[in-house]
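To start, I am sharing the structure in question, which I have written as structure tokens.
Since every read-out is calculated from the coordinates, none of them should be taken as a lab result. No experiment lies behind these values; they were computed from the predicted model shown. Here Cβ is always computed from backbone atoms with ideal geometry, including for glycine, and neighbour counts include all displayed protein chains.
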Amino acid sequence: MKMTGAAGLLSVLPGLAILIAGSPRAGAFDTQVGRAAPPGSVVMRGRADLKGEGISGTAELTEIRKGTATELEIEVLVKGLKPGLHGMHFHAVGVCDPPTFTTAGGHFDPGPFGNPDPDINHPYHMGDLPNLEVGPDGVGRLKARTTRVTLSDGPLSVFDADGTALIIHANPDQGITGEPKSGVAGGPRIACGVIVKK
């Protein structure tokens, strides 16, 4: 049975809520769209300057404590992209060597059962994010929240020994498991930014 809407998203992507700015489908995924985030105290902030050939943008990351739990809020603004959907993920290494950005490694997925392979581990890895939706003007905006990763110290911190990068792909992430190197996770890497503390 195929599940759609919020129930389907949460069954496939536990710990990930989507707020896609300007998306007519956003309300179907997250009931918080258009509302202020629940109050909490800021634990830490981070940033990534995203760059690629003719592409520039920023990702602002804010970890917020809400009671005993933390949540990472991500806000992305990128210019110079082809209109449509583009896969976007946290990658395992904080190195962005152009033009292919392969130095960023596979997907961020720490732990004893982690699997950084970009195509065969969907949609269960910690580094998964929603597709970035880009308008006809080449501008992409996305707001998302996740409990899968943190900025603060711990086993899921993006500030681990080798750092973490944010990658934008040329194609949409299909959200399915595929064969290695099949490209179902978004294919070529076209922009990259190393996450740094702010």
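Output the relative contact order of the stretch 40-180, whole-number percent, from Cα pairs under 8 angstrom with separation of 6+ residues. Intermediate results must be reported in sequence, preceding the final value.
Working: 331 pairs, mean separation 40.1, N = 141.
Relative contact order comes out at 28 percent.
Separation between the Glu179 and Lys82 pseudo-spin-labels, each 7 Å from Cα along Cα→Cβ, expressed in nm?
Label-label distance for Glu179 and Lys82, simple model: 2.2 nm.
Could you give the size of the charge dipole of the stretch 49-198 about its Cα centre, using +1 on the Cβ of each K and R and -1 on the Cβ of each D and E, expressed in debye and rounded to the nearest 20? Present the calculation step by step, with values, prior to reporting the outcome.
Values: 13 positive and 19 negative charges, 67 e Å.
The dipole magnitude comes to about 320 debye.
Go through the stretch 170-176 residue by residue and turn each phi into a ³J(HN,Hα) via Karplus (6.51, -1.76, 1.60, θ = phi - 60°); whole Hz please, and just put x for glycine and proline.
5, 10, x, 7, 7, x, 10
In nm, to one decimal, how far is the Asp153 label point from the Glu53 one, both placed 7 Å along Cα→Cβ?
Simple spin-label model gives 4.3 nm for this pair.
So how far apart, in nm, are the two label points at Ser41 and Thr103 if each is 7 Å from Cα heading toward Cβ?
Spacing of the two 7 Å Cα→Cβ label points: 3.9 nm.
A follow-up question, please. With the cut-off at 20 Å, tell me which of the pairs Lys79/Lys181; Lys79/Lys143; Lys82/Lys198; Lys51/Lys198; Lys51/Lys197 have Cα atoms farther apart than that. Can you show the working numbers first?
Numbers: Lys79/Lys181 27 Å; Lys79/Lys143 15 Å; Lys82/Lys198 29 Å; Lys51/Lys198 18 Å; Lys51/Lys197 18 Å.
Violating the 20 Å limit, Cα to Cα: Lys79/Lys181; Lys82/Lys198.
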